[in-house]
Amino acid sequence: MQAIEAPIELPAIPRKRYFAIGEVADLCQVKPHVLRYWEQEFPQLKPVKRRGNRRYYQHEDVVMVRRIRSLLYAEGFTIGGARQRLRDQLKLGSDIPETVLAAPSANSPHLEPVAARSAQIRQVRDELESLLKLLR
């Protein structure tokens, strides 16, 4: 069983248009080979590739990497479960505040209740959708 990591303080994302893979690795505290693997596993993660297949991540890519990291390391999802969660959030138009995605920290006491409420709302929504299917 995978140990769930306690929330850690991630550095703020600088206001830049593009980030190299090493910069993203430092900002998200994962190794570059992990980022390359996640590109294969998560269709939402598509950095721009330039000369010599060099990857350049944009701000929204860095936010997505942090969300994936949070799902896998802090919330204990598997790769498949995290992929499904992201797919569901995009499909349902889930509004997750960027402040939650951009810099989760142990000093932010409001993060856990927001995540718990979001999970409860998602569960109720799923139950309502299944009841609606039964009624049709």
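The values are calculated or read from the model by the stated rules, or taken from the named source; none is laboratory data. All figures in this text were calculated on a predicted structure; none of them were measured in a lab. Glycine gets a Cβ as well: all are built from the backbone with ideal geometry, and neighbour counts include every protein chain shown.
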**Study point:** Pairs with Cβ under 8 Å, 6+ apart, first in the stretch 35-55 and without any contact (Cβ under 8 Å) to a residue 24 or more places away in the chain, second of a type in the set (Ser, Thr, Tyr)
**Key:** 49/56; 50/56
Review point. What number of residues within the stretch 63-114 satisfy the criterion of being more than 9 Å from the chain's Cα centre (by Cα) and at pLDDT below 50?
Key: 15
Check your understanding: Does any residue of the stretch 116-134 turn out to be at pLDDT 80 or above and either within 20 Å of residue 8 (Cα to Cα) or among the hydroxyl-bearing types (Ser, Thr, Tyr) (or both)?
Key -> yes
Practice item. Name the single residue, out of those in the stretch 2-16 being modelled with pLDDT of 85 or more and surrounded by 11 or more Cβ atoms within 10 Å (Cβ to Cβ), that is farthest from residue 71 (Cα to Cα). Key: 16
Practice item. Consider only pairs whose beta carbons are under 6 Å apart and that are at least six residues apart or on different chains; among these, list those whose first residue lies in the stretch 5-24 and is more than 14 Å from residue 36 (Cβ to Cβ) and of a type in the set (Asp, Glu) and whose second residue is part of a loop (DSSP other than H, G, I, E, B) and modelled with pLDDT under 90. Key: 9/105
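With 52, 81 as the choices, which residue is surrounded by fewer than 16 Cβ atoms within 10 Å (Cβ to Cβ), touching a helix residue (DSSP H, G or I) at 6+ places or on another chain (Cβ under 8 Å) and not in a loop (DSSP other than H, G, I, E, B)?
81
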